[in-house]
1. Mean separation of Cα pairs under 8 Å and 6+ residues apart, divided by the residue count of chain A: what relative contact order is that in percent?
2. Return one quarter of the surface area of the convex hull spanned by the alpha-carbon atoms of chain A, equal to its mean projected area, in nm².
3. Relative to the first principal axis of the alpha-carbon coordinates of chain A, what is the inclination of helix A:133-148, with its axis defined by its Cα atoms, in degrees from 0 to 90 and to the nearest 10?
4. Using the Cβ atoms and a cut-off under 10 Å, what net charge is assigned to the surroundings of A:L63, where Lys and Arg are +1 and Asp and Glu are -1?
5. Quote the charge dipole size of the protein assembly as shown about the Cα centre in Debye, to the nearest 20; the model charges only the Cβ of Lys and Arg (+1) and of Asp and Glu (-1).
6. In µm²/s, what is D for the stretch A:261-362 at 10 °C and 1.306 mPa s, where D = kT/(6 pi eta Rh) by Stokes-Einstein and Rh is the Kirkwood radius from Cα pairs?
7. If each residue's Cβ is checked for other Cβ atoms within 10 Å, how do A:I186, A:I106 rank with the fewest at the top?
8. Translational diffusion coefficient of the stretch B:117-166 at 25 °C, 0.890 mPa s, Stokes-Einstein with Kirkwood Rh over Cα pairs, in µm²/s as a whole number.
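Any read-out appearing in this document is the output of simple, stated calculations on the displayed coordinates, not a laboratory observation. This is a predicted model, so every value here is computed, not measured. Because the Cβ atoms are built from the backbone with ideal geometry, glycine has one as well, and the counts that use them run over all protein chains shown.
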Amino acid sequence: MIESLINDERAELTQAVKKAAPVVLSTRIRLARNLVGQPFPERADVLQRRDVLTRCADQLSALPQMNKGSFFDIADLSTLEKQVLVERHLISRELCDGEAGTGVYINKGQTCSVMINEEDHLRIQFLKAGFNLKSVWKLIDAFDSELEKTIDVAFSEDFGYLTACPTNLGTGLRASVMMHLPGLVISGQMERVIRAVSQLGITVRGLFGEGSDASGHIFQISNQQTLGESESEILESLANVLKTVIDHELNARFKYLEESRAKLLDQIGRAFGVLKNTHVIASDEALNLLSFIRLAVDFGMLPEANRADVDRLVIESQPGHVQYAAQEGIAPEARDIARADKLRQEFSNLPALAFDKLQEQE
Amino acid sequence: MAENLKCSICDQEATVHLTQIVNNKIHKVDLCESCAQKKGVTDPEGFSLADLMSKTPLTPVSGEAQLVCQSCGQESADFRRTGRLGCSACYEVFRSLVFPVLEDMHAGTAHQGKVPTDALSRQSSQMQLKNLMDSLARAVAEEAYEDAAKFRDQIKVIKETEELEVSPK
């Protein structure tokens, strides 16, 4: 059912050639919204959920932003298809486990997805490659205002947008920025960063695994609080924290380069060598090695355009994507072989590492 | 092992230990493998400790009257168990229970953000319309025809403005 999404040549996260940036992979904002006079999904029965699903899907299909978009009833998707959508951040795990009457609307280009009957009636999400809090907010704000013209949203003057869980009350806004932080991880500073930002109401979690040694050195940083501040205040304080994290990351990379130049070059060189020649590789190892290739692009050792290839391979190396590409159910060992084949083939198209072009970062 | 911590949900041996600081308060939770899985702790997409904290049972106050939401049937005990509300009307019904939770959880307890002006004005005009319809019916029943004419005119005005808003330019 999801072939068109997977083969889309203009999907934001996998084909973001021009927008990929150092340190920040992508920016996402989601809004939680509910309908007036309907029990929240967890409390609703199947008929009520189906009713909300049909009504919302109808209204969504009328929006210009959803032109040529696709709607999926979760019950119609296979376990593997659901996993692929989760790996692309288009749906949540919670939606996959949902009972009957849940669905998702995804726009063309996969920058917007609206989950229906997840924890709330509507979970609207907009996503862009790179560090783009302001522009993503503009998009989602406009979309939400458009939707509100036809859907009666649950809102109170005191508490703002009403949500199933009080953690999302008020703005219903959660902004998450995906960051590539090898410098902080290698220099052992990640633990400290996590502690420092959590005091500011901001959460850090590893994208692949918890804690400060998440594989791929990729972390998702997001606001925790949704009530008591306006959307712009929330986004501004998050942006300020992120800018500080970016500075620390660049400093850590510079310091590592200065103090352990040969070691860094060796790690990048070995990562490239393994990825180019591997025949069996697990996803954790692939992610960790791809992290060094992204670093190589940031240091000027590979063309800028290849950064987007690395970001795409991070997604395509995940178990669901590897299995989906193989077209049939394959055992974990065969999956590691298929992943290696894919990486080897992709890396044979990359130019050699230009060690002499290593740019010293400011 | 020096001490075996127990899972805060099911009393099994805890193997997952989490600490998070929210509003300068330290929250600690210990969970067993299966509860951690259930609570989405292992799901990097959906997990936050504040969420979890709010989902763990809040101690019930003894002798407290059970509140019930007339719209969806949720009871105070449901909120204490799940930390979630059943429908939008629940926020008024369980206000006294929700409010203290919000103080711990958020930067403030009053909404400062976006207001869905379109949806609200539509809802209030619907409400007005309904009230006027009721008044009209009553006036007709009471044979108060002057009043009835007044209500009918007001209804007409609201319906006309609505049509203007709904119809494309």
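1. 19
2. For chain A, the mean projected area of the Cα convex hull comes to 17.8 nm².
3. It works out to around 20 degrees.
4. Neighbourhood net charge equals 0.
5. The dipole magnitude comes to about 960 debye.
6. 114
7. Listed from fewest to most nearby Cβ atoms, that is A:I186, A:I106.
8. Translational D for this selection: 216 µm²/s.
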